[in-house]
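Notes follow the structure.
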Amino acid sequence: MKLAKTYAFLKKDLSIIEDALEETVYADQPVLHEASTQLLKAGGKRLRPVFVLLASKFGNYNLNRIKNVASSLELIHMASLVHDDVIDNSDIRRGKPTVKAKWDNQVAMLTGDFIFAKALQQFTEIDKPRAHQILAKTMMELTVGEIEQIKDKYNLDQNFRTYLRRIKRKTALLISSSCQLGAIVANTDSETEKALFRYGYYMGMSYQIIDDILDFTASEKELGKPAGSDLIQGNITLPVLYAMENPSIRRELQDAFADSSNISPKLLSPIISKISKSDAITRAREVSDQYLKKAYDSLNLLPDIQAKEALANIANYIGNRKI
């Protein structure tokens, strides 16, 4: 089953949110407008708006109010990707040139800032102070996660806990906040809100671990970027942590990372191939499965409505996706 089919009943509402996104990133300045819409037009799963909408279904569902939350969270995600591409010096995302590749780093950073500002402007329509506090904290944690990733580039002396803390900040919290803010704006009860927050957190952790696995197991065509990109950029993910328990692979990585200015896909290709064929992939997927089980368990506390079934189906899709 394709992901979109799991929430097909939201198609009309998601179309309205897509229109809102296009309207929100409009800019009078031509370069800023073109750069802002480039990533939007490149597509994406729009998972964060989907989670906002589904979470809101457990309360008072009012699309005119909810769409401001949904579009804001997607814009924050988009802005972080634009900045990520500058930090990682990435020229390709989703199979297309990045903003920094088409223009330069300065335009990309300012475009990201512009999209962040637009997200906050959109969110001002929400008259719940607690929602603003949650969003602000989420954005701060996202920034800390990025700084931690930069600090740990090419550092082989990392551990499991460091990795989990980093992906919590970089990925899981924005997804859990999408679920929580959807619940808050729909005025759900506190127990429902907590269950949705936990579901989003566990889903976010699983999602990022699967992403890190696919960086080794999927093809460049499927990824829309070179396979092993994370390792080439010096990011030590869960498959790498597990693979480094093999002394031979660890030594090869130490030799390769001895001069980070000389890292290249050709240099790391044999190591990437070894990791992709090792038991590190299976072990990483087992950790993802543990988080998925916790996500399913969180749903047990929610009423049996169509949105609950959709959340369960999304979890099933994410846990088994090949790309």
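The values are calculated or read from the model by the stated rules, or taken from the named source; none is laboratory data. These numbers come from a predicted model, not from an experiment. So basically every Cβ, Gly included, is an ideal-geometry build from the backbone, and we count neighbours across all protein chains shown. Areas reflect the complete protein model, heavy atoms only, side chains present, ligands, DNA and RNA absent. Shrake-Rupley method; radii C 1.70, N 1.55, O 1.52, S 1.80 Å.
Here are some notes:
- Residue within segment 142-149 that is among the charged types (D, E, K, R), within 23 Å of A42 (Cβ to Cβ) and crowded, with 23+ Cβ neighbours inside 10 Å present: no
- Residue under evaluation K100, criteria (1) closer than 17 Å to Q38 by Cβ; (2) open to solvent by less than 40 Å² (accessible area, probe 1.4 Å); (3) more than 16 Å from the chain's Cα centre (by Cα); (4) modelled with pLDDT of 90 or more, criterion not met: (4)
- Which listed residue, of I150, I175, I115, is in a helix (DSSP H, G or I) and at pLDDT 95 or above: I175
- Where S248 falls short, out of the listed (1) assigned to a helix (DSSP H, G or I); (2) open to solvent by less than 40 Å² (accessible area, probe 1.4 Å); (3) among the polar types (S, T, N, Q): (2)
- Some residue of segment 189-208 being β-branched (V, I, T), at pLDDT 95 or above and under 20 Å from the mean Cα position of the chain (by Cα): no
- Residue within segment 215-222 that is at pLDDT 95 or above, assigned to a helix (DSSP H, G or I) and open to solvent by 10 Å² or more (accessible area, probe 1.4 Å) present: no
- Scanning segment 226-239 finds one or more residues that are on the phi < 0 side of the Ramachandran plot, crowded, with 17+ Cβ neighbours inside 10 Å, part of a helix (DSSP H, G or I) and modelled with pLDDT of 95 or more.
- Residue pairs meeting the criteria (Cβ under 7 Å; at least 6 apart or on separate chains; first closer than 19 Å to R48 by Cβ, in segment 5-33; second of a type in the set (D, E, K, R) and open to solvent by less than 60 Å² (accessible area, probe 1.4 Å)): L14/R46; I16/K67; I17/K67; A20/K67; L21/E74; T24/K118; V25/K118
- Taking the listed residues L267, L231, the one that is touching a helix residue (DSSP H, G or I) at 6+ places or on another chain (Cβ under 9 Å), free of Cβ contacts under 8 Å to residues at least 24 places away in the same chain and over 29 Å from A312 (Cα atoms) is L267, with no other qualifying.
- Complete set of residues in segment 80-130 that are acidic (D, E) and closer than 21 Å to V185 by Cβ: E125, D127
- Top-ranked residue of segment 9-32 - restricted to ones that are among the acidic types (D, E) and under 24 Å from the mean Cα position of the chain (by Cα), ranked as least open to solvent (accessible area, probe 1.4 Å): D13
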